[in-house]
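Here is the structure we will look at, set down as structure tokens.
The values are calculated or read from the model by the stated rules, or taken from the named source; none is laboratory data. None of these values were measured; they are calculated from a predicted model. Positions of Cβ are generated from backbone atoms using ideal geometry, with glycine treated the same way; all protein chains shown enter the neighbour counts. Calculation scope for accessible area: heavy atoms of the full protein, side chains included, ligands and nucleic acids excluded. Shrake-Rupley method; radii C 1.70, N 1.55, O 1.52, S 1.80 Å.
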Amino acid sequence: MTTTVKLLINGEFVESRSEQWRAVVNPATQEVLARVPFATGEEIDAAVNSASQAFQSWRKTPIGARARIFLKYQQLIRENMKELAAILTAEQGKTLADAEGDVFRGLEVVEHAAGIGNLQLGELANNVAGGVDTYTLLQPLGVCAGITPFNFPAMIPLWMFPMAIATGNTFVLKPSEQDPMVTMRLCELALQAGVPPGVLNVVHGGEDAVNAICDHPAIKAVSFVGSTRVGTHVYNRASQAGKRVQCMMGAKNHAIVLPDAHKEQTLNNLAGAAFGAAGQRCMALSVVILVGEAQGWLAELVAKAETLKVGGGVESGTDVGPLISCAALDRVSSLIERGKREGARLVLDGRNPSVAGYERGNFVGPTIFDGVTPQMSIYREEIFGPVLCVVHAATLDEAIALINANPNGNGTAIFTRSGAAARHFQEEIDVGQVGINVPIPVPVPMFSFTGSRASKLGDLGPYGKQVVQFYTQTKTVTQRWFDESDVGGAVNTTITLK
Ligand code: NAD
């Protein structure tokens with residue numbers, strides 16, 4: 001019998017009573033790995049209630065006790081890295097090396113959460129008036145919730161619940177229904193590390209579960225990562241319900257290549273960032289703008305892409321694994337067809353690759369279109385597959401203008417040896433995360449993941465300093481103490497404070 005993915009409610013991994021389930025499928029083989037429930041309304045209520053109850057004591061747990069759980073947790077994640085990566089590869093498809101990277105980038109946030117003592121400090125101003133001090137407390141909000149996408153099933157849940165819990169909140173997580181198994185293993189390890197019952201809860205499902213989270217009156221904040229379509233809906237619905245919301249959403253990330261760039265490094269970086277993880281990264285480079293004489297590099301870029309090996313994620317030497325689902329394969333294939341119809345030149349067609357031993361997998365190999373224009377569907381839509389659009393520009397400013405005119409602003413990169421050009425790019429570009437000779441500039445956790453324009457809603461990012469603000473309410477306290485010698489104070493305290 002196929003195993004079932006459990007809910008996590010009040011410290012117990014429990015079987016759902018739902019009548020609606022879906023299969024978790026290995027995208028390289030179509031093997032059914034498990035069945036995942038769409039939690040019922042009562043189960044979602046039970047998870048939120050358990051988080052509400054647990055908040056009463058967790059919010060007062062000393063900083064050191066909270067921090068030590070995350071010290072232990074990071075150790076457990078390290079010890080179980082190979083197992084976590086294997087689960088992730090089986091259900092998501094990315095290569096084992098990439099899967100370890102997925103876990104590792106989440107692990108870095110856990111390490112950061114262990115330093116919560118320094119991150120959640122308030123401020124104090126001494127003698128704001130005679131004998132009066134003002135200070136701030138960063139207090140937890142209550143029950144917070146997270147909704148995560150399929151493409152980083154370890155890293156993105158770890159962006160969310162460790163920092164929410166470390167700051168004194170309790171949490172309800174709704175992982176992607178496409179690949180929830182590694183997320184559940186990470187939750188088991190979190191409990192093993194000492195997260196108390198009710199502090200972390202997990203419900204599964206899709207649209208209904210997400211809407212229930214957006215509407216639930218006991219949930220104070222919602223963190224969402226996923227597509228722009230769903231994220232915009234979550235932002236509007238949860239904001240209207242009075243919640244604090246952050247939504248990190250879709251992308252169309254451009255790289256500019258100037259002719260003075262280091263050619264070999266640039267081509268390697270482009271190939272890795274466009275086709276690695278089968279292009280299913282929100283920070284994947286999906287458009288490259290070749291500027292000036294760099295326009296002559298196209299043939300070498302195609303040759304580089306052709307060297308990448310398409311295969312099962314568990315096979316050593318694989319560069320490009322399968323897409324997450326048959327539906328994703330159909331979508332990417334039809335967008336490639338549309339690109340051809342709309343007049344782009346298909347210079348490398350990765351459709352229907354032959355992958356020995358994985359004949360039923362959802363594979364598309366590296367695919368490159370040249371002569372792409374902003375009007376084409378392949379330029380306007382996030383393809384979320386290993387498809388690179390090549391655009392040509394005469395100057396750096398023309399390339400910058402093109403990027404700034406795109407609705408999305410998640411990530412971008414420039415490849416050049418010119419400091420002046422790079423600095424000009426850094427100043428003029430209107431994108432949240434900027435790489436200079438770095439193709440996927442995802443910041444480490446002492447900074448915050450950013451993103452701008454259509455790629456993000458809400459002011460504060462999902463980790464780093466910003467998330468401490470996101471998960472806390474600032475309270476300012478103004479205090480004065482009297483001793484026996486303080487006699488005859490004015491009745492009007494406003495005057496006294498002047
Ligand atoms: P998705 O939007 O389909 O799903 C995200 C979450 O929303 C899932 O938990 C899913 O169950 C839920 N959901 C799906 N349909 C829904 C609906 N109609 N109503 C309410 N909830 C719904 O995204 P995905 O396909 O899992 O992930 C890929 C997308 O996520 C891409 O667009 C990618 O760019 C984006 N992403 C962004 C970032 C970032 O930091 N900006 C990071 C990773 C992924």
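Kindly establish whether residue 322 is part of a loop (DSSP other than H, G, I, E, B) and either of a type in the set (Phe, Trp, Tyr) or within 16 Å of the ligand (Cβ to nearest atom) (or both).
Spelling it out, residue 322 is indeed part of a loop (DSSP other than H, G, I, E, B) and either of a type in the set (Phe, Trp, Tyr) or within 16 Å of the ligand (Cβ to nearest atom) (or both).
Scanning region 105-123 for residues that are away from the ligand (no atom under 16 Å from the Cβ) and either within 30 Å of residue 310 (Cα to Cα) or touching an Asp or Glu at 6+ places or on another chain (Cβ under 6 Å) (or both) yields one hit, 107. Being open to solvent by less than 70 Å² (accessible area, probe 1.4 Å), modelled with pLDDT of 95 or more and assigned to a strand (DSSP E or B) is a property that holds for residue 36. The helices (runs of 4 or more DSSP H) found entirely in region 174-288 that carry 1 or more residues being buried (at least 23 other Cβ atoms within 10 Å of the Cβ) and touching a Cys at 6+ places or on another chain (Cβ under 9 Å) are 228-240.
Yes/no per residue for (1) closer than 30 Å to residue 474 by Cα; (2) of a type outside the set (A, V, I, L, M, F, W, C); (3) more than 14 Å from the ligand (Cβ to nearest atom):
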| position | (1), (2), (3) |
| --- | --- |
| 125 | yes, no, yes |
| 136 | yes, yes, yes |
| 152 | no, no, no |
| 159 | yes, no, no |
| 162 | yes, yes, yes |
| 166 | yes, no, yes |
| 174 | yes, yes, no |
| 194 | yes, yes, yes |
| 198 | yes, yes, yes |
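Whenever a residue of region 284-301 is on the phi > 0 side of the Ramachandran plot, its partners that are of a type in the set (A, V, I, L, M) and open to solvent by 20 Å² or more (accessible area, probe 1.4 Å), lying with C-beta atoms within less than 8 angstrom and at least six residues away or across chains, give the pairs 292/394.
So that you can scan it fast, the table gives a plain yes or no per residue for (1) surrounded by fewer than 15 Cβ atoms within 10 Å (Cβ to Cβ); (2) farther than 29 Å from residue 170 by Cβ:
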| position | (1), (2) |
| --- | --- |
| 83 | yes, no |
| 92 | no, no |
| 95 | no, yes |
| 100 | no, yes |
| 105 | no, no |
| 109 | no, no |
| 121 | yes, no |
| 134 | no, yes |
| 137 | yes, no |
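Determine, yes or no, whether residue 44 is within 20 Å of residue 193 (Cβ to Cβ), touching a helix residue (DSSP H, G or I) at 6+ places or on another chain (Cβ under 9 Å) and of a type in the set (A, V, I, L, M, F, W, C).
Values: within 20 Å of residue 193 (Cβ to Cβ): no; touching a helix residue (DSSP H, G or I) at 6+ places or on another chain (Cβ under 9 Å): yes; of a type in the set (A, V, I, L, M, F, W, C): yes.
Spelling it out, it is not the case that residue 44 is within 20 Å of residue 193 (Cβ to Cβ), touching a helix residue (DSSP H, G or I) at 6+ places or on another chain (Cβ under 9 Å) and of a type in the set (A, V, I, L, M, F, W, C).
Pairs, please: C-beta under 8 Å, at least 6 apart or cross-chain, first residue under 16 Å from residue 49 (Cα atoms) and in region 6-17, second among the polar types (S, T, N, Q) and open to solvent by 30 Å² or more (accessible area, probe 1.4 Å)? Final answer for the pair search is 10/53.
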